[in-house]
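Working notes, beginning with the structure itself.
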Amino acid sequence: MGLLQLLVLAVLASERRVAGAAEVFANFSEGLIEFSVGKFRIFELNRPFPEEAILHDISNNVTFLIFQIHSQYQNTTVSFSPTLLPNASETGTDSGLVFILRPEQSTCTWYLETSDTEPVQNMAILLSYSERDPIPGGCNLEFDLDIDPNIYLEYNFFETTIKFAPANLGYARGADPPSCDAGTDQDSRWRLQYDVYQYFLPENDLTEDMVLMHLQRMVTVPQVKASALKVVTLTANDKTSISFSSLPGQGVIYNVIVWDPFLNTSAAYVPVHTYACSFEAGEDSCASLGRVSSKVFFTLFALLGFFICFFGHRFWKTELFFIGFIIMGFFFYILITRLTPIKYDVRLILTAVAGSVGGMFLVAAWWRCGILSICMLCVGLVLGFLISSVTFFTPLGNLKIFHDDGVFWVTFSCIAILIPVVFMGCLRILNILTCGVIGSYSVVLAVDSYLSTSLSYITLNVLKRALNKDFSRAFTNVPFQTNDFIILAVWGMLAVSGITLQIRRERGRPFFPPHPYKLWKQERERRVTNILDPSYHIPPLRERLYGRLTQIKELFQKEQPAGERTPLLL
């Protein structure tokens, strides 16, 4: 009997769910979407069919509402009226409106549409606030809407910048809004503070469901504080514009919470998201970020770096070529990027050529001069560069003092120079450490060209700062997720293995090879003076080349007939 009752209840519950779903779709077919405060709605918009949205039974203690609608990359328009007006509508992937309620108003309507030819999947929510809560964008003087709760985002390869309008103090229904510029005392909007939050989506996931799901964690004030990372707090005297390092292919959500310290109330702006790339562009789109030229370059670089990681100290000249390649390639890429507008692929090829020249030059300098201190200074500076880059990759790099280029580059250079100075008394240890750490990091860069990882931004952030003068103001936070932990473990394992192997193998051997040019001169003098040496009887190089050329000429001469060739005398 109990089992029969359970079956009946299950059937009734399923009928109710089907009836509810049918009611929702019926509303869509009629062009009307009903919303409830604080509940997410996921629906689809089509270009020929704009929708009207409505909210019933608004509580009397609610003074304003914020409606927001989100899509992955297709634009959606939300408007106060069926006719689109610049100061009464907002279009974008993350759009919102503020509804200031009139006395006794209990119903609110607005309109949704899209101009995209393809259907657009949207996620929307309506939030309510009281008269004590600050109004996001209530003192807007820059954008089109009178009250603008939206965050405006722009990005390029170097940085992503968000802008928002200042907020105003809350007020009761039917009352006049507080003046935005009446004064700067504690009874005005100048007491408000703005907390900027950043939230990273899972790495290498560009799906639509993922971004819509995680946007739900960045809508309300408690969820934002619990889920996201607070980057900076702004006062009313600061510019409402913040820059971040661009992370192409990595989904990031930004939001701002305005806080009234006098009443201890707060409200959230409309969150905005970006991948720092385009879903619609053919070249450099989000789906095809890895260039073939980058993959070839960093794969070959990683093969050489892997060899250096385990055998660099033994093959001293190969290591010098590797170090010279890094130094010359880095500075040449900066120079050619800042001075010329040539394409990335051409720059990369020229950088490879210049790096090879730099590597051969360092090897030639060692072969001819044999000055170990200069070579080890280059080796130590490369290790110091990476250690300094790691230092500023930490939260230390986001300190306000290091947003000044002068302070940053002086501190960066001091850390880089400190490494060869500290290890000047134990050059072999310095060389082996450089081989293990730098060689293994080249493998990390190769992995990044195929599978995005945040560890590549250790050096990429420094390169961006050298290439772009505005990058100094950007916050350089990056996600650190499962892939990054795995690659970090691989980097550490390779570095420790390479260092340990080389230390054990080089035990009891000379610290560094002797001067190659002196050895060559001694060998040449020995051959000249030692008549018993078989090499003594070898002709000089010029005679050997002349003899070889003579042999080659004989191959192309006709064979002379044998016999008497003198004419007979009559």
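Could you tell me which residue of region 417-445 is farthest from residue 298 (Cα to Cα), considering only residues that are open to solvent by less than 10 Å² (accessible area, probe 1.4 Å) and of a type outside the set (Ser, Thr, Tyr)?
420
Yes/no matrix, rows are residues, columns are (1) in a helix (DSSP H, G or I); (2) under 27 Å from the mean Cα position of the chain (by Cα):
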residue: 148; (1), (2): no, no
residue: 162; (1), (2): no, yes
residue: 171; (1), (2): no, no
residue: 187; (1), (2): no, no
residue: 194; (1), (2): no, yes
residue: 206; (1), (2): no, yes
residue: 211; (1), (2): yes, yes
residue: 238; (1), (2): no, yes
residue: 262; (1), (2): no, no
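Looking only at residues that are of a type in the set (A, V, I, L, M) and modelled with pLDDT of 90 or more in region 25-44, which one is farthest from the chain's Cα centre (by Cα)? Lay out the reasoning, then the answer.
Of the residues in region 25-44, the ones of a type in the set (A, V, I, L, M) are 26, 32-33, 37, 42.
From what's left, modelled with pLDDT of 90 or more: 37, 42.
Working: 37: 36, 42: 30 Å.
Of everything passing the filter in region 25-44, 37 is farthest from the chain's Cα centre (by Cα).
Determine which member of the set 184, 114, 161, 91 is open to solvent by 70 Å² or more (accessible area, probe 1.4 Å) and either out of contact with any strand residue (DSSP E or B) (no Cβ under 8 Å at 6 or more places or on another chain) or touching a residue at least 60 places away in the same chain (Cβ under 8 Å) (or both). Give the derivation first.
Working: 114 fails: open to solvent by 70 Å² or more (accessible area, probe 1.4 Å); 161 fails: open to solvent by 70 Å² or more (accessible area, probe 1.4 Å); 91 fails: either out of contact with any strand residue (DSSP E or B) (no Cβ under 8 Å at 6 or more places or on another chain) or touching a residue at least 60 places away in the same chain (Cβ under 8 Å) (or both).
Unique residue meeting the criteria: 184.
Looking at (1) outside the structural domain of residue 381 (by the TED database); (2) out of contact with any helix residue (DSSP H, G or I) (no Cβ under 6 Å at 6 or more places or on another chain), which one does residue 279 not meet, given that it meets all the others?
Condition (2) is where residue 279 drops out.
Return the residues of region 196-220 that are over 18 Å from residue 247 (Cβ atoms) and open to solvent by less than 20 Å² (accessible area, probe 1.4 Å); say none if nothing qualifies. Full working, then the answer.
Our first condition is that a residue be over 18 Å from residue 247 (Cβ atoms); within region 196-220, this holds for 208-209, 212-213, 216-217, 219-220.
Passing the criteria: 212, 219.
Confirm whether residue 342 is farther than 19 Å from residue 460 by Cα, loosely packed, with under 15 Cβ neighbours inside 10 Å and either in the same structural domain as residue 464 (by the TED database) or in contact with a strand residue (DSSP E or B) (Cβ under 9 Å, 6 or more places away or on another chain) (or both).
Values: farther than 19 Å from residue 460 by Cα: yes; loosely packed, with under 15 Cβ neighbours inside 10 Å: yes; either in the same structural domain as residue 464 (by the TED database) or in contact with a strand residue (DSSP E or B) (Cβ under 9 Å, 6 or more places away or on another chain) (or both): yes.
Answer is yes for this residue.
Answer yes if at least one residue in region 121-138 is touching an Asp or Glu at 6+ places or on another chain (Cβ under 7 Å), in a loop (DSSP other than H, G, I, E, B) and open to solvent by 10 Å² or more (accessible area, probe 1.4 Å), and no otherwise.
no
Checking residue 373 against (1) within 26 Å of the chain's Cα centre (by Cα); (2) surrounded by fewer than 17 Cβ atoms within 10 Å (Cβ to Cβ), only one condition comes out false. Which one?
Failed condition: (1).
Sort through 382, 390 and tell me the only one that's under 22 Å from the mean Cα position of the chain (by Cα), open to solvent by 10 Å² or more (accessible area, probe 1.4 Å) and at pLDDT 95 or above. Write out each step before concluding.
Numbers: 382 fails: under 22 Å from the mean Cα position of the chain (by Cα).
None of the others qualify; the one that does is 390.
Any chance you could count how many residues in region 250-309 are among the polar types (S, T, N, Q), under 30 Å from residue 230 (Cβ atoms) and open to solvent by less than 60 Å² (accessible area, probe 1.4 Å)? I'd like the intermediate steps shown before the answer.
Just the residues of region 250-309 that are among the polar types (S, T, N, Q), to begin with: 250, 255, 264-266, 274, 278, 285, 288, 293-294, 299.
Checking the rest, the ones that are also under 30 Å from residue 230 (Cβ atoms) come to 250, 255, 264-266, 274, 278.
Now drop any that are not open to solvent by less than 60 Å² (accessible area, probe 1.4 Å), which leaves 250, 255, 265-266, 274, 278.
Here the count works out to 6.
Kindly indicate whether residue 529 is modelled with pLDDT under 75 and either among the hydroxyl-bearing types (Ser, Thr, Tyr) or open to solvent by 100 Å² or more (accessible area, probe 1.4 Å) (or both). Break it down stepwise before answering.
Values: modelled with pLDDT under 75: yes; either among the hydroxyl-bearing types (Ser, Thr, Tyr) or open to solvent by 100 Å² or more (accessible area, probe 1.4 Å) (or both): yes.
It is true that residue 529 is modelled with pLDDT under 75 and either among the hydroxyl-bearing types (Ser, Thr, Tyr) or open to solvent by 100 Å² or more (accessible area, probe 1.4 Å) (or both).
The values are calculated or read from the model by the stated rules, or taken from the named source; none is laboratory data. Just so it is clear, the model here is predicted, and its values are computed rather than measured. Neighbour counts are summed over all protein chains in view; Cβ atoms, including those assigned to glycine, are modelled from backbone coordinates with ideal geometry. We work out accessible area using only protein heavy atoms, side chains counted, and drop any ligands, DNA or RNA first. Shrake-Rupley method; radii C 1.70, N 1.55, O 1.52, S 1.80 Å.
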